[in-house]
Amino acid sequence: MRRLTIALMASALMVAAPAMAEPPPRADAPLADPAQEARAKALFGEIRCVVCQHESIVDSPAAIAADMRGLVREQIVAGRSDDEIQQDLVRRYGDYVLFRPPFKGATVLLWLGPFLLVGGVGAMFAWWSRRRRAAADPLSAEEEAELAAILARDDADKATLSDKTDS
């Protein structure tokens with residue numbers, strides 16, 4: 001009975017999964033004026049998809065990217081400037097929506113973070129390499145005598161081996 005229940009639940013989930021998925025984005029309707037459409041496409045490349053985060057809204061297949069493209073087109077038709085459109089998107093989604101956010105207190109980590117990270121790793125590597133490069137203590141007289149005996153024995157073994165191979 002338990003197996004039947006599990007099989008029925010799994011079947012129900014497989015049937016319901018497509019219905020629970022995100023709907024496909026609506027098709028983009030380009031602007032009638034080619035100059036305005038070119039301006040919109042230039043803006044699309046500067047705006048980050050808030051779902052994908054590594055793609056611009058022109059490349060993103062997410063539904064919200066399609067909505068953002070529609071919003072940009074509507075504002076272009078309404079006569080807003082590129083800066084006004086970007087500021088409206090920043091107001092809605094934050095500075096992170098722009099691929100080149102403004103340099104200010106809230107975004108200083110976005111701008112300087114990579115440099116600070118590389119500098120910090122470099123400083124840690126330098127500290128670690130200096131720490132590992134500790135000078136060896138000099139050998140005592142007893143240790144030097146023992147080392148000399150080992151080296152002399154090694155030289156004698158090599159000479160004996162050399163004499164055997166020559167004959």
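The values are calculated or read from the model by the stated rules, or taken from the named source; none is laboratory data. What you see is a predicted model; the values in this text were computed from it and never measured. Note: ideal-geometry Cβ built from the backbone for every residue, glycine included; neighbour counts use all protein chains shown.
Could you tell me whether region 124-147 includes any residue that is more than 30 Å from Val51 (Cβ to Cβ), out of contact with any Asp or Glu (no Cβ under 9 Å at 6 or more places or on another chain), surrounded by 10 or more Cβ atoms within 10 Å (Cβ to Cβ) and small (Gly, Ala, Ser)?
Taking every residue of region 124-147 in turn, at least one turns out to be more than 30 Å from Val51 (Cβ to Cβ), out of contact with any Asp or Glu (no Cβ under 9 Å at 6 or more places or on another chain), surrounded by 10 or more Cβ atoms within 10 Å (Cβ to Cβ) and small (Gly, Ala, Ser).
Which of the residues belonging to region 77-96 are modelled with pLDDT of 90 or more and under 21 Å from the mean Cα position of the chain (by Cα)?
none
If I filter region 88-108 for residues that are under 24 Å from Ala29 (Cβ atoms) and either hydrophobic (A, V, I, L, M, F, W, C) or in contact with a Pro (Cβ under 6 Å, 6 or more places away or on another chain) (or both), do I get at least one hit?
So far as region 88-108 goes, yes, one or more of its residues are under 24 Å from Ala29 (Cβ atoms) and either hydrophobic (A, V, I, L, M, F, W, C) or in contact with a Pro (Cβ under 6 Å, 6 or more places away or on another chain) (or both).
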